[in-house]
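Report on the following structure.
Nothing in this text is a laboratory measurement; each read-out follows from the coordinates by a stated rule. Since this is a predicted model, take the numbers as computed values, not measurements. Cβ atoms come from the backbone with ideal geometry, glycine included; neighbour counts cover every protein chain shown.
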């Protein structure tokens, strides 16, 4: 069986720390520091996917501007912001399901709940780091959006720059559901979030199954002092 400390180190690898929710905020919301000061519009999942993403980013940034505790990386404030401003536009259960891969099929309902909860908790910590790292120099450009008429799975492409380093391509994969468009995957520098985590979870699960993945997530969260939070609802 895979030692929990070894599994936790696997989850802490640098490329794995490209946390999805953190990257979303960093890649989209920071650009709005240079945008107009008009009141943010509420996102509508029925909007075109690129419009929905832009509106969600506006609301996230507006909250950061007003809440200094959130800007400082308060886990409680981050949890609240995620619940209110991000999770309504994210199919987090699908993200977890695809990242866990074949082990999701083997998981009981209780294990699936634990996987979603612990996976989310782990991302909250890095999300907080992204919030505190936002600077006025960062910019995001929405690249031309292209999709076939009637498409139900699309990619919204952006480019991120801070004026000091080379531009970073950041892409978002969305699926159209009964509730509208939902984000479920992210690509940073050519690395898709789900595939990256799937590789890590596969290595852990091959030696200890679903319980080993859950334990690795819990151990990692304990090391980062991540507060527990309820699993998101779809």
Inset, instruction - Evaluate the distance, in nm, between pseudo-label points positioned 7 Å from the Cα of residue 206 and of residue 177 along their respective Cα→Cβ axes. - result: 3.1 nm
Inset, instruction - For a footprinting-style exposure proxy, rank 224, 52 by other Cβ within 10 Å, fewest first. - result: 224, 52
Inset, instruction - Using the number of other C-beta atoms within 10 angstrom as an exposure proxy, rank 119, 145 with the fewest first. - result: 145, 119
